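The values are calculated or read from the model by the stated rules, or taken from the named source; none is laboratory data. What you see is a predicted model; the values in this text were computed from it and never measured. Counting neighbours? That spans all protein chains shown, and the Cβs are built from the backbone with ideal geometry, glycine included. Accessible surface areas use protein heavy atoms only, side chains included; no ligands, DNA or RNA. Shrake-Rupley method; radii C 1.70, N 1.55, O 1.52, S 1.80 Å.
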Amino acid sequence: MPVPAVSIVGKWQLTKVSSKLYSSGVLIDSAKKTNFTNSDFVEFYSDGTGYYSQSTSDGPSLNEFTYTLKGSVITEFRSIENIGVPETVTSLTANSLSIHAESLIPDPNDPTVYDTEKDDLSYIK
């Protein structure tokens, strides 16, 4: 009997985020969050579109995106500028998804300097 292929398509509830911030390669801050609501999720559709939702003090914030998946790299296009955010799928099973993302963000003390943020996100179906 053939085993069905595991797919990223579907609704994934966020369960854990681990973030680390580096300046010139040195860890300057880290945080973990595990207290999420049903409004914290990402949903991937088979046509390359999706939604992500975050709970906020004003209620859920729902945002649409498009994505490509090549090997273990998902690139999400979330902004009007259509700049892709590459993320690496580090684990994918029928019921769990883990993603690693790295991005450059302006340093809060000096906006001319960019720090590296590394995020590890865990989801369940």
Q: Of the conditions (1) at pLDDT below 90; (2) in contact with a strand residue (DSSP E or B) (Cβ under 7 Å, 6 or more places away or on another chain), Asn109 clears all except one; give me its number.
A: (2)
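Confirm whether Lys32 is assigned to a strand (DSSP E or B), of a type in the set (Lys, Arg) and open to solvent by 90 Å² or more (accessible area, probe 1.4 Å).
Here the answer is yes, as Lys32 does meet what is asked.
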**Q.** Only listed residue being out of contact with any strand residue (DSSP E or B) (no Cβ under 9 Å at 6 or more places or on another chain) and among the small types (Gly, Ala, Ser), chosen from Ser46, Ser39, Ser18
**A.** Ser46
Q: Would you tally the residues in segment 46-101 being surrounded by fewer than 16 Cβ atoms within 10 Å (Cβ to Cβ), of a type in the set (A, V, I, L, M) and within 12 Å of the chain's Cα centre (by Cα)?
A: 3
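Anything in segment 28-87 that is touching a residue at least 60 places away in the same chain (Cβ under 8 Å) and more than 18 Å from Ile8 (Cβ to Cβ)? List them, or say none.
Ile28
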Q) With respect to the numbered conditions (1) farther than 20 Å from Thr116 by Cα; (2) assigned to a strand (DSSP E or B), which one is the sole condition not fulfilled by Ser39? A) (2)
